[in-house]
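Have a look at the structure below, then the notes.
Read-outs throughout are calculated quantities, based only on the coordinates presented, and are distinct from any laboratory measurement. Given the structure is predicted, the values throughout are model-derived calculations rather than measurements. Reconstructed Cβ throughout: ideal geometry from the backbone, glycine too, with neighbour counts over all protein chains shown.
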Protein chains: 2
Amino acid sequence: MGLPLALVFAHAGAKVIGVDIDEEKVRLINKGINVLPEEPGVDELLSRVLNNGNFEATINGMEALKHSDLTVVLVPTLVDENKVPRLEGVFSWARIFAETLKEKEDGIFIVESTVPPGTCEKIIKLIEKESGLRVGKDFGVAHAPERTMSGRVIKDITKSYPKIVGASDPETLEVVKGIYETINKRGVITVSSLTAAEAVKVFEGIYRDVNIALANELAIYAEKLGIDVWEVINAANSQPYCHIHRPGAGVGGHCIPVYPYFILNSEHRFGVRFDLIRKARERNETMPYHVVNLVIKGLNKVRKPVNGSSILIVGLAYRPGVREHRFSPSIKIIRSLKELGGEIYVYDPAYNCEELERMGYRCWRGENVDAVVIVTEYYEILELLKRREDGLAYAQVVVDARGITTVKELRKAGYEIIKLGSSV
Amino acid sequence: MGLPLALVFAHAGAKVIGVDIDEEKVRLINKGINVLPEEPGVDELLSRVLNNGNFEATINGMEALKHSDLTVVLVPTLVDENKVPRLEGVFSWARIFAETLKEKEDGIFIVESTVPPGTCEKIIKLIEKESGLRVGKDFGVAHAPERTMSGRVIKDITKSYPKIVGASDPETLEVVKGIYETINKRGVITVSSLTAAEAVKVFEGIYRDVNIALANELAIYAEKLGIDVWEVINAANSQPYCHIHRPGAGVGGHCIPVYPYFILNSEHRFGVRFDLIRKARERNETMPYHVVNLVIKGLNKVRKPVNGSSILIVGLAYRPGVREHRFSPSIKIIRSLKELGGEIYVYDPAYNCEELERMGYRCWRGENVDAVVIVTEYYEILELLKRREDGLAYAQVVVDARGITTVKELRKAGYEIIKLGSSV
C-alpha cells in the first residue's frame, strides 16, 4: 500500500510522485478522490498534498524515476500456488531504476515490500549489471520494511513503532535513516545489513503465524479434552510472560500466510528443515477444513446434511472492516461447503453486494439460512442472531470460529451452537 | 517447592504443617535453618512463623493430614525416559487424603503440582473409591497451579500474577478462592472446571516451549543466512505484537521441558497429532547437539579436534544462580563432548566444587582450557575471558550459546568466537 506512505512523505515536505499501474486509480487520486476510504487520515492528507502541489500520481514509472532522487518500492510480494515467492514486481522496478540511473548517475532504491532475506543483495547485483554503475559509490539500496496493519496504516507509518532500516553502505544508511526520522515519531532502528532488515519483517510475520497456529492446535486439543480454549487462554495470559494468541479459522491477508514461505523456501538451499515453522503453516492452512467439519457436525445435530442446506458465512475478509480477502480462510470454507452441496451466502459489510457477486459469491440479503458460520468477528451478527431477524428466524445452527458468542445466550435463543476450541 | 507456600500461608495466620519425605530437611527446617537460601524472603518468613508457632515440619504425612482441613500437594510431576508422565507422587497423597478422610469426613484436597489435564478428575474417582465418600458433599478437590519462577517464588506467590483456581464444586471453589485471596495481592481467577485450571498451567509452559523453539529455529536459519539472530530479534520485538524469545542451547528445568508431553501423551487417546508442539519439543531437545557441533567447528578453526581438548562448560543449571539442573542442556553437551574424547570442566557458581564433583563433573578451578562454551548467562565469565586469567590464558575458542558476548571484543582478546544464531 504505497499511497499512504507517499502522502505522509508529501505532507512532510517532499515532492512525491506516486506510481501505479492502474490508470483509473491514478486518475481518481489526481482528482482528489480517496481510493482507500477505509484508511483513517488518507482523505485529509490527500486533499492537503494535492493542494500544496507536493504530490501527483502517474502511471509513467520510467518518467517518475527519472525525476526522483529516491525511489521507494512498495509493490505486493506473494507466493504462487506452489508457495514459491513471486518477486517480479520488485525486480522489474529495480530494472527501471537501473535504466534511469544511467542518466542520473545517482539515486537510492528503497525496498519497503517484504521480501525473502537475501533479495536486496540480488537487487544490487541486478542494478549493477544493468546500469554498469557501482553500489555504495554511484547508487545505494536500502530496505525499510513496511510495518503497518490494514485500517491503521497512517498511524503505523508515523507513530506506532520505530522504522527498521538496513542499507548497502553507511552513507545510504545515514540518508535513509534521516528521511524516515522526519516522518516517524518513534524514530529509526538501523540494523547491520540489508539481509538483517529483511529478516526483521519476515521474523515478525513468522512469530504471528506460529503463535496463531499454536492457539489453533490448543483449540483442537481443547475440543477433544472437553474444555473451552478461550477461557483457558484468557487465564493463562494473566501471566505477563504468556501471549497465547486467539484461535480461528486460519490466517488470511497478504502477509502472515505468505512470509513463512520466504524462509521455508530456503530449506533445500541450506540443507536444513524448519519443521516448526512448516508445521505451524500446515496447521493454519488446514484450519478452514476443521471449521467445515464443525459445520457438518452442527448440521448433523439437527439431522441435516450439508447437501441442500443453506449456510451463511459471516466475513469474507480475515479482519472486520478490511477489504482484503486474499488467502482468507472463508474462501476455503465456502469452496468446501459448496462441494458438499451447501447453498452458501456471504455477509461482509466491508463489501457491497455488487462487489461480492462480482467475485462469484452470493450476497446475503436476509434470505433464510439453516446455519450461520462466524469466520470474522463481526459483532453485529450477534444482535441479528439474538433478534432472529429475517432469514435467521429459522436458523438452527451457529458455528462460531472466532469465539465471540456466548453459548448460553445462543442456546436460549434456540440455536445449536458449536464453538471452535470448545466442547463445553 | 512447597516450603515457600507453606511459610506464606503460616505468615498469613494459618496453622501449617509442612510435610516432606526428607528427614534431614525436616530437621533443619524445624531448627530454623533455611534449606532454600537462594529464594529471597524465605529466611525471614521461616524464623517468623517458627517463632509465632504457626508452622512446623514433619515427615509424618498421615498424621499431618489427619489434623488438616486443607491439604495442598506440591510434589514434582515429571516424565520418565519415554516421556510418559509420572504422577505417583500426587496420587499417593490423594490415597493418604482418602484414608484420613474416612475419619475426618470433611476436607479439601488442593493440587498445586502441574498435572496433565484430566488428572484431578481421576484423583476424585480415586478418593471416592478409597474413602467411600462423595465429592462435593463430603470432600472437595481444587486445582490451583503453582505459577512461580525459581529465584522469586515468594514474590510470585504473593503478588506477581493472579492465582488460577478450578474446583470440583462451587462450594470448594469459593473456599479455595477465599484462601488464596488472603495471600495473593493480585487476586484469584476462577475457571469453570478442574480440567480448565490444569490446562491453564500446561498452556503457559507450552507457549514458552514453542516460542523458545521458534527462536532456536530462527537462530539456525540466521547461521545459514549469514546474519545475527540477536540483532534481528531485538529489532523485530520493537513492535508490540512481537515477542520472539531468546535462542539458547535448549530448555532446562523441571517445567517447560516436561509439560508439552502432558498434551503430546494424549495424541493416541484423542486420535489427533499435535505436530507443532511436538516439533517445538524436538527442536529444543536437539539444540544441545547443535551447540556440540558449534564446539567442533570452533576447535576445528584452530586445528584442534575435540578428542584431547579441554573444554570449559559455563553453567550447569539452565538459569544463573538457580540450583536446578534437571533436563539442563549442559548435561547433553557434556556427555556428547566427553564421548568425543573432550576433557570437560564445569563452571557454575550456584554449586560448590564438592557438589559438582559428587554429581560426577570436574569442577573448574582455573585449569587451562582450549575452549569455553557459554550455556548459561554468567556474565562474570566475560570479565575472566577478557582478562585472560588463569586457565583462560591459552584458551583459543569461545562458543557463546546465549548471545552474551561481543564478537569484536573477544576477537580483540584473541579468541575465535562462534555465536549461536550468528555467522557475522
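Descriptive notes on the structure:
- Here region B:338-398 has an Rg and Dmax of 11.7, 31 Å, counting Cα atoms alone.
- Peptides B:396-405, B:269-278 ranked from most to least packed give B:396-405, B:269-278, packing being the mean of other C-beta atoms within 10 angstrom over each peptide's residues.
- Dividing the Cα radius of gyration of region A:310-414 by 2.2 N^0.38 Å, with N the residue count, gives 0.99.
- Taking 18 Å as the limit for the C-alpha separation, the pairs A:LYS15/A:LYS201; A:LYS15/A:LYS129; B:LYS386/B:LYS419 exceed it in the case of A:LYS15/A:LYS201; A:LYS15/A:LYS129.
- When both region A:163-215 and region B:354-422 are represented by their alpha-carbon centers, they are found 32 Å apart.
- Low-density loop cleavage sites - chymotrypsin sites (Phe, Trp or Tyr not before Pro) in region B:337-413, where at most 16 other Cβ are within 10 Å (DSSP): B:TYR379, B:TYR394
- When region B:1-86 is reduced to its Cα atoms, the Kirkwood hydrodynamic radius in Å: 13.7 Å
- Computed from phi, the 3J(HN,Hα) profile of region A:356-369 under the Karplus parametrisation 6.51, -1.76, 1.60 (θ = phi - 60°) reads 4, 5, 4, 7, x, 9, 8, 6, 7, 10, x, 4, 4, 9 Hz, with x in place of Gly and Pro.
- Taking the C-alpha atoms only, the angle from helix A:194-225 to the longest principal axis of chain A is near 10 degrees.
- 13 Å Cα-Cα reach of B:LYS66 towards aspartates and glutamates, excluding residues that sit fewer than 8 places from it in its own chain: B:GLU99, B:GLU103, B:GLU105, B:ASP106
- Cα-Cα P(r), chain B, percent of pairs per 10 Å interval: 4, 19, 27, 23, 16, 8, 2, 0
- A DSSP coil position with no more than 16 other Cβ atoms inside 10 Å describes the following chymotrypsin sites (Phe, Trp or Tyr not before Pro) in region B:183-256: B:TYR241.
- For region A:2-192, the spherically averaged projection of the C-alpha convex hull amounts to 10.6 nm².
- Debye equation applied to the C-alpha atoms of region B:193-424, log10 I(q)/I(0) at 0.09, 0.14, 0.15, 0.17 Å⁻¹: -0.39, -0.90, -1.01, -1.24
- Ellipsoid semi-axes in whole angstrom, largest first, where each is sqrt(5λ) of the Cα gyration tensor of region A:201-281: 27, 13, 12
- Distance between region B:318-351 and region A:81-95 - C-alpha centres, whole angstrom: 47 Å
- Dipole magnitude (debye, nearest 20) for the protein assembly as shown, charges at Cβ of Lys, Arg, Asp, Glu: 520 debye
- Compared with the dominant Cα axis of chain B, that is its longest principal axis, helix B:275-301 is turned about 30°.
- Scalar couplings 3J(HN,Hα) for region A:394-399, obtained by applying the Karplus form with A = 6.51, B = -1.76, C = 1.60 to θ = phi - 60°, are 10, 4, 10, 10, 10, 10 Hz; x denotes Gly and Pro.
- Cross-link check: pairs A:LYS104/A:LYS163; A:LYS224/A:LYS279; A:LYS412/B:LYS185; A:LYS224/B:LYS125 evaluated at a Cα-Cα cut-off of 26 Å; pairs beyond the cut-off: A:LYS104/A:LYS163; A:LYS412/B:LYS185.
- Between 0 and 90°, nearest 10: helix B:2-11 axis offset from chain B longest Cα axis: 50 degrees
- Kirkwood-type hydrodynamic radius, the protein assembly as shown: 30.2 Å, calculated from all non-identical alpha-carbon pairs.
- Entry note, chain B: the mean residue ellipticity at 222 nm calculated from DSSP H runs of n ≥ 4, each adding -39500 (n - 2.57), is -13500 deg cm²/dmol after division by the residues and rounding to the nearest 500.
- The aspartates and glutamates whose alpha-carbon is closer than 20 Å to the alpha-carbon of A:LYS304, local same-chain residues fewer than 8 away aside, are A:GLU339, A:GLU343, A:GLU367, A:ASP370, A:ASP400, A:GLU416.
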